[in-house]
Every structure is written in C-alpha cells, then in structure tokens.
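Report on the following structure.
The values are calculated or read from the model by the stated rules, or taken from the named source; none is laboratory data. Quick caveat, the model's predicted, so the values are computed rather than measured. Cβ atoms come from the backbone with ideal geometry, glycine included; neighbour counts cover every protein chain shown. Calculation scope for accessible area: heavy atoms of the full protein, side chains included, ligands and nucleic acids excluded. Shrake-Rupley method; radii C 1.70, N 1.55, O 1.52, S 1.80 Å.
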Amino acid sequence: RDGRHQKYSVSEAPNECCGVIGTRDGRAEALYPVPNAAASPLRYEMDPSDQLRVFDALDDAGLDVGAIYHSHTRSDPLPSQTDIN
C-alpha cells in the first residue's frame, strides 16, 4: 500500500524476497517483509526467529496469516515444482 514492500523487494535483489501477508476476514490488511535467510536468487528461507516475530505481531494486531509469499527472480510468477511440493 505504501511502497515499503517495493523498496524492500528491490533491496533484496538479486535474491528472492519473502514475507507474510496478514489478513482479517479474508482481506489483506498488513504486509510483513522478512529477510531471506537463504540469500539466494533461486530459493527463500525464513529464519524461525523472524517468523516468530511476525506471527507475534500478527497476534498482537488481531490478524491471521493470510499467505506466506516469495518472489521468483528468474522465472515466471507461477508456482514452481518446489512451491507445489
């Protein structure tokens, strides 16, 4: 909504960016970027302490985990076989 995610995703380049979308009643309400611990252009990994920090923030805000997202820097924006698995 405010451009923070775009700045964050660009700052992660050339690596994949990742994060969590917080929802309320099925509607996206908040975006929580998380550093890519894998530091890779081909995969992402969230450090468990970062995930816990985001999940705690979601709880504090009364939000649900709507989605965990990541970018694809070298392929079409479609689920890869790894994503599907």
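What the table shows:
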read-out	value
Average accessible surface area per residue within the range 32-81, 1.4 Å rolling probe, Å²	65 Å²
Lys, Arg +1 and Asp, Glu -1 on Cβ, resulting dipole of the range 11-85 about Cα centre, debye, nearest 20	220 debye
Average Cα contact separation per residue, the chain, under 8 Å, 6 or more apart, as relative contact order %	31 percent
Share of carbon and sulfur in the accessible heavy-atom surface of the chain [1.4 Å probe, %]	51 percent
Dipole of the chain, positive end: most advanced residue of 10, 52, 37 [Cβ charges, Cα centre]	10
Whole-number D in µm²/s for the range 25-78 (Stokes-Einstein; Kirkwood sum over Cα pairs; 37 °C, 0.692 mPa s)	261 µm²/s
